[in-house]
Amino acid sequence: MLAEVRLCSRCGLRYPWYELQPHRERCPACRAPTRPLIAWQTGDHQPCPARPESGRRVVLVVDNVRSAWNVGALFRTADGLGVERIYLCGITPTPAHPKVRKTALGAEEAVAWSHAPNTADVLGRLRAEGWQVWALEQAPGARPPEALTPPGERVAVVVGNEVCGVGPDLFPLCDALVCLPMRGVKRSLNVEVAAAILLWALTAQ
């Protein structure tokens, strides 16, 4: 695909244009004429070398995440980090939702997934099959990943609703509560960002 960086002659906006976008000659902000700064074929980018296999199987359990954008981003992260399956639970939208597909950018076709109405049923089944369950949540008793004994060969990571988090009724089904300590005014990260950090750590060990 051909891409260009263009500069607006009126408002100074610098923005990317690519073949799927029309009207490259006009600024998307003020509609003034623009000029190209640099053009390239996006396929020329060299990917980072593939990550070695960690030997640990990881699945992701999504407990009532409401945003289709977040779910799509979770699919893309799961594909990139080698997550085996995503369990979409409760009100979590599935790849049938167009916003999930738009954000996943095809990853929804590469990662196995299933939907269940009740997250507790999924966790109970995973525990019966020998999976350890780590819930990512700011809750009493939660500890940073580095303070926990690394899980075994199979671990299920649970992430929760953007406002309410992982339902506390699920805590008894979890082997550990994991938190990511924050420094700023906001005490937590976006659910997809937080999941990516923990999944990266687990798949690197």
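The values are calculated or read from the model by the stated rules, or taken from the named source; none is laboratory data. Keep in mind it's a predicted model, so treat the numbers as computed, not measured. Counting neighbours? That spans all protein chains shown, and the Cβs are built from the backbone with ideal geometry, glycine included.
Within segment 28-59, which residues are of a type outside the set (A, V, I, L, M), loosely packed, with under 10 Cβ neighbours inside 10 Å and part of a loop (DSSP other than H, G, I, E, B)?
45, 46, 47, 48, 49, 52, 53, 55
With the requirement that a residue be free of Cβ contacts under 8 Å to residues at least 40 places away in the same chain and in contact with a Gly (Cβ under 9 Å, 6 or more places away or on another chain), what does segment 153-177 give you?
171
Please indicate, with yes or no, whether at least one residue in segment 104-127 is assigned to a loop (DSSP other than H, G, I, E, B), touching a strand residue (DSSP E or B) at 6+ places or on another chain (Cβ under 8 Å) and on the phi > 0 side of the Ramachandran plot.
No, that holds for no residue.
Report yes if some residue within segment 178-191 is part of a helix (DSSP H, G or I), touching a residue at least 24 places away in the same chain (Cβ under 8 Å) and either on the phi < 0 side of the Ramachandran plot or in the same structural domain as residue 86 (by TED's automatic domain parsing) (or both); otherwise report no.
yes
Please go through segment 60-87 and give me each residue that is assigned to a strand (DSSP E or B) and either surrounded by 19 or more Cβ atoms within 10 Å (Cβ to Cβ) or out of contact with any strand residue (DSSP E or B) (no Cβ under 8 Å at 6 or more places or on another chain) (or both), ordered by number. I'd like the intermediate steps shown before the answer.
Residues of segment 60-87 assigned to a strand (DSSP E or B): 60-63, 85-87.
Once the filter is applied, which keeps residues that are assigned to a strand (DSSP E or B) and either surrounded by 19 or more Cβ atoms within 10 Å (Cβ to Cβ) or out of contact with any strand residue (DSSP E or B) (no Cβ under 8 Å at 6 or more places or on another chain) (or both), segment 60-87 yields 60, 61, 62, 63, 86, 87.
Kindly indicate which of 199, 148 is in contact with a strand residue (DSSP E or B) (Cβ under 9 Å, 6 or more places away or on another chain) and in contact (Cβ under 8 Å) with a residue 60 or more places away in the chain.
It is 199.
Here are the criteria: (1) farther than 19 Å from residue 198 by Cα; (2) in contact with a helix residue (DSSP H, G or I) (Cβ under 9 Å, 6 or more places away or on another chain). Tell me which single one residue 135 does not satisfy.
(1)
Could you check residue 15 against (1) of a type in the set (Ser, Thr, Tyr); (2) touching a Pro at 6+ places or on another chain (Cβ under 8 Å); (3) buried (at least 19 other Cβ atoms within 10 Å of the Cβ) and say which number it fails?
Checking residue 15 against (1) of a type in the set (Ser, Thr, Tyr); (2) touching a Pro at 6+ places or on another chain (Cβ under 8 Å); (3) buried (at least 19 other Cβ atoms within 10 Å of the Cβ), the one that fails is (3).
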